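Here is the structure we will look at.
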Amino acid sequence: ETAVDLVGAKYGALGVLDRERTHLVEFVTVGLDAHERSMIGEPPKGHGILGLLIVDPRPIRLPDLTRHPDSFGFPPGHPPMTSFLGVPILVGGKAFGNLYLTDKLGGGPFDEDDEQMAVGLAAAASVAIDNARLHARVREIDLVEERERIARDLHDTVIQRLFATGLSLQAALRFMTRPDAIDRTQ
């Protein structure tokens, strides 16, 4: 939404790549309502123009994406789109996903300023994604450490109880084997 507002685009999307960075596994759109999204069908996987950013993660600006040789076309029910701006989102120097913007409001192509703003927004998104991943990793480490602490506590408790039981059994055995402990009344 911020990217769409910032560069003045009618439509926008965030595509998230799979772990191997070969295709899109998530595709979040802006500018399409629920009915329009349902008319399009399956979200894109990264063919055609969208795939260019997957293969070569560098910004792309096109005045008319339908005229590009790699244009894959639109599925039935997809609104027509012309101008295109795509920028990669790099996390830790590796492609995480892409920001796609189409149809410059007022007509015409996206310009260098639009591209720079989208690149800056993608950089900010990469920092946010990286921070979210770090926080998730810290939570995982905290959980593992807590589990290890509980396991140590349980282990120590079991060992202490076994030791106390062993001492009680030894004391009972010593008591039972003492000559004065034998019941001589029988």
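The values are calculated or read from the model by the stated rules, or taken from the named source; none is laboratory data. Since this is a predicted model, take the numbers as computed values, not measurements. All Cβ positions, glycine included, derive from the backbone under ideal geometry; neighbour counts span all protein chains shown. To get the accessible areas, we keep the full protein, side chains included, count just its heavy atoms, and leave off ligands, DNA and RNA. Shrake-Rupley method; radii C 1.70, N 1.55, O 1.52, S 1.80 Å.
If you take the residues of the stretch 33-65 that are part of a helix (DSSP H, G or I) and open to solvent by 90 Å² or more (accessible area, probe 1.4 Å), which of them is farthest from PRO75 (Cα to Cα)? Break it down stepwise before answering.
Restricting attention to the stretch 33-65, the residues satisfying the condition of being part of a helix (DSSP H, G or I) are 34-40, 48-55, 65.
If we keep only those that are open to solvent by 90 Å² or more (accessible area, probe 1.4 Å) too, we end up with 35, 37, 39, 55.
Details: HIS35: 15, ARG37: 11, MET39: 9, VAL55: 22 Å.
My answer is VAL55.
Quickly run through the stretch 1-18 and pick out the residues that are surrounded by fewer than 17 Cβ atoms within 10 Å (Cβ to Cβ) and under 23 Å from HIS47 (Cβ atoms). Talk me through it step by step, then tell me what you get.
Keep residues of the stretch 1-18 that are surrounded by fewer than 17 Cβ atoms within 10 Å (Cβ to Cβ), which gives 1-2, 5-6, 8, 16, 18.
VAL16, ASP18 - these are the residues of the stretch 1-18 that are surrounded by fewer than 17 Cβ atoms within 10 Å (Cβ to Cβ) and under 23 Å from HIS47 (Cβ atoms).
Would you mind stating whether ALA124 is open to solvent by less than 50 Å² (accessible area, probe 1.4 Å) and either within 24 Å of ASP18 (Cα to Cα) or under 20 Å from the mean Cα position of the chain (by Cα) (or both)?
Values: open to solvent by less than 50 Å² (accessible area, probe 1.4 Å): no; either within 24 Å of ASP18 (Cα to Cα) or under 20 Å from the mean Cα position of the chain (by Cα) (or both): yes.
Spelling it out, it is not the case that ALA124 is open to solvent by less than 50 Å² (accessible area, probe 1.4 Å) and either within 24 Å of ASP18 (Cα to Cα) or under 20 Å from the mean Cα position of the chain (by Cα) (or both).
State which residue pairs qualify: first residue within 11 Å of GLY8 (Cβ to Cβ) and among the polar types (S, T, N, Q) and inside the stretch 91-109, second residue in a strand (DSSP E or B) and open to solvent by 40 Å² or more (accessible area, probe 1.4 Å) in any location, beta carbons under 9 Å apart, and separation of 6 or more residues or different chains.
Going by the 9 Å Cβ cut-off, there are no qualifying pairs.
Could you tell me which residue of the stretch 90-106 is surrounded by the most Cβ atoms within 10 Å (Cβ to Cβ), considering only residues that are at pLDDT 90 or above and part of a strand (DSSP E or B)?
Across the stretch 90-106, the extreme among qualifying residues is LEU101.
Among the numbered criteria (1) part of a helix (DSSP H, G or I); (2) more than 16 Å from ASP5 (Cβ to Cβ); (3) open to solvent by 60 Å² or more (accessible area, probe 1.4 Å), which single criterion is violated by PRO109?
Among (1) part of a helix (DSSP H, G or I); (2) more than 16 Å from ASP5 (Cβ to Cβ); (3) open to solvent by 60 Å² or more (accessible area, probe 1.4 Å), PRO109 violates only (1).
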